[in-house]
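Q: To start, I am sharing the structure in question, which I have written as structure tokens.
The values are calculated or read from the model by the stated rules, or taken from the named source; none is laboratory data. Every value quoted in this text rests on a predicted model; they were computed, and no experiment measured them. All Cβ positions, glycine included, derive from the backbone under ideal geometry; neighbour counts span all protein chains shown.
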Amino acid sequence: MPDQLSPAELRALDRAHVWHPYGPMPGRQEPLVVESASGVRLRLAEPVHGRSELVDGMSSWWSAVHGYNHPVLNEAARDQLDRMSHVMFGGLTHEPAVRLAARLVEITPEPLQHVFLADSGSVSVEVAVKMCLQYWRSAGRPAKRRLLTWRGGYHGDTWQPMSVCDPDGGMHELWSGSLPRQIFADAPPDGFDADPDDAYVRHLRELVAAHADELAAVIVEPVVQGAGGMRFHSPAYLRVLREACDANDVLLVFDEIATGFGRTGQLFAAGHAGVSPDVMCVGKALTGGYLTLAATLCTTRVAEGISSGDVPVLAHGPTFMGNPLASAVACASVDLLLGQDWELEVKRIGTGLRQGLAEAAEVPGVRDVRVLGAIGVVQLDHEVDMEAATRAAVREGVWLRPFRDLVYTMPPYVTGDDDVARICRAVCAAAREG
Ligand SMILES: *Cc1c(COP(=O)(O)O)cnc(C)c1O
């Protein structure tokens, strides 16, 4: 293989050998070749539709909240690289992981006191589920091993997370016969500001109560359902779930992997409801998009319950648990976020999205336009033509990745007003042409 591959050679090898997310083999769509990225811009290896730079409207799937090639995060990575990239976590510990865990305990709701550092969001959900099942097993109630969630959710692509993803219309229908069978409530009614629906509240309460004897936990994405459909709901339903779980001896898990670190306008979306879960997952923006890392936090009650059972340990320990490099960058990313007025930036972007996306409501085929925090969503009344929509966005100089009937954006918090406006033009163009 030559030292330098041309973009065409790269694409040919990619097509022949490399899987992409939710893709066939060989790939059918031509991926764009990114050479480097800095600030909010992706630099392409060759111009596409006249553009050699694209403003990133996706934050690389919620993660790159500070933008790319950030000097503070680069320095944190370099510093840690010079000390050690990795050591095993069994029998050893180190400052980056300890510091990160303590920081996460400090910034999440008070009852969450113990941290399991996992290597990806899906694994952190697996760990959350294992914690809940093991808690009830240790408590002498092994029949409590099912999960309840509401429809329209997304919790990752490994086995337990898939079992609580939306069973219809999602990507996991294929496996419905082989997945653990969980209990599904109806999807929460739309609208962050909508008054809670009495009938729905009753539905949630009744379902939790009816299955209390077999339920280990309720698991939901608080306030924003992400990859399951980019839907927003009233925080009141989270309070209802908290009460129903308490009344029926069921644990409550919040998956904040997408919503965490300010994206919805609160540091964690649970903050909109003022409730704390028993177990909480964070990931995605945890390292500012630099490295893969996630965490599962739990209360002392859950930790002590597990540790006092007949198997008094949490039986999970990935090879790269607590990876120092990822932990060091995560510490720097959290400090960077909290060291600025992130609330103001998220609000500013939200205002820009509201203004810029308003005209999308007039586009034929658009069903709904909604904004919460720094998330903008245009929902179509048809399946988006991904190639046409992507092309329209690239022509505007913006990177978007629409799916299903959705053209959406969650820009890095450092995106300037002009670039937010540009992203909005691209979303509108993609909605028009997709
Ligand atoms: C992305 C996501 C996951 C899965 O995280 P990975 O790091 O992709 O495994 C789980 N839950 C939610 C809510 C997510 O958005």
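Q: Looking for something among the small types (Gly, Ala, Ser) and within 14 Å of the ligand (Cβ to nearest atom) - is there at least one such residue anywhere in segment 237-259?
A: Yes, segment 237-259 contains at least one residue that is among the small types (Gly, Ala, Ser) and within 14 Å of the ligand (Cβ to nearest atom).
Q: Give Leu44, Leu54, Leu73 a once-over and let me know the one that is farther than 18 Å from Val420 by Cβ, touching a helix residue (DSSP H, G or I) at 6+ places or on another chain (Cβ under 7 Å), at pLDDT 95 or above and not small (Gly, Ala, Ser).
A: Result of the check over Leu44, Leu54, Leu73: Leu73.
Q: Only residues that are buried (at least 24 other Cβ atoms within 10 Å of the Cβ), within 18 Å of Asp197 (Cβ to Cβ) and in contact with a His (Cβ under 6 Å, 6 or more places away or on another chain): list them for segment 216-261, please.
A: Result: Val223, single match.
Q: Consider only pairs whose beta carbons are under 8 Å apart and that are at least six residues apart or on different chains; among these, list those whose first residue lies in segment 133-146 and is among the charged types (D, E, K, R) and modelled with pLDDT of 95 or more and whose second residue is crowded, with 20+ Cβ neighbours inside 10 Å and assigned to a loop (DSSP other than H, G, I, E, B).
A: Here the result reads Lys144/Val250, each pair linking segment 133-146 to a residue that is crowded, with 20+ Cβ neighbours inside 10 Å and assigned to a loop (DSSP other than H, G, I, E, B).
Q: Report, by residue number, each residue of segment 274-314 that is in contact with a His (Cβ under 9 Å, 6 or more places away or on another chain), within 30 Å of Pro71 (Cβ to Cβ) and of a type in the set (Ser, Thr, Tyr).
A: Hit for segment 274-314 is Tyr290, nothing else.
Q: Return yes or no: is Arg103 modelled with pLDDT of 95 or more, under 17 Å from Ala294 (Cβ atoms) and either more than 16 Å from the ligand (Cβ to nearest atom) or acidic (Asp, Glu) (or both)?
A: Taking the combined requirement at face value, the residue satisfies it.
Q: Let me ask something else about it. Given the structure, is Gln225 within 16 Å of the ligand (Cβ to nearest atom) and farther than 23 Å from Arg401 by Cα?
A: no
Q: Right, here's the next one. If you scan segment 117-145, which residues turn out to be within 16 Å of the ligand (Cβ to nearest atom) and in a helix (DSSP H, G or I)?
A: Gly121, Ser122, Val123, Ser124, Val125, Glu126, Val127, Ala128, Val129, Lys130, Met131, Cys132
Q: Return only the number of the condition from (1) free of Cβ contacts under 8 Å to residues at least 40 places away in the same chain; (2) in contact with a strand residue (DSSP E or B) (Cβ under 9 Å, 6 or more places away or on another chain) that Val218 does not satisfy.
A: Against the list (1) free of Cβ contacts under 8 Å to residues at least 40 places away in the same chain; (2) in contact with a strand residue (DSSP E or B) (Cβ under 9 Å, 6 or more places away or on another chain), Val218 comes up short only on (1).
Q: What pairs come out if I take residues in segment 350-377 that are crowded, with 16+ Cβ neighbours inside 10 Å and pair them with residues that are assigned to a strand (DSSP E or B) and basic (Lys, Arg) whose C-beta lies under 7 Å away, six or more apart or interchain?
A: From segment 350-377, the pairs are Val377/Arg370.
Q: Continuing with the same structure: Determine which single condition Ala294 fails, assuming it passes every other condition in (1) over 30 Å from Arg141 (Cβ atoms); (2) under 24 Å from the mean Cα position of the chain (by Cα).
A: It fails just one condition, (1).
Q: Of the residues in segment 260-282, how many are more than 16 Å from the ligand (Cβ to nearest atom) and either charged (D, E, K, R) or within 25 Å of Asp213 (Cβ to Cβ) (or both)?
A: 3
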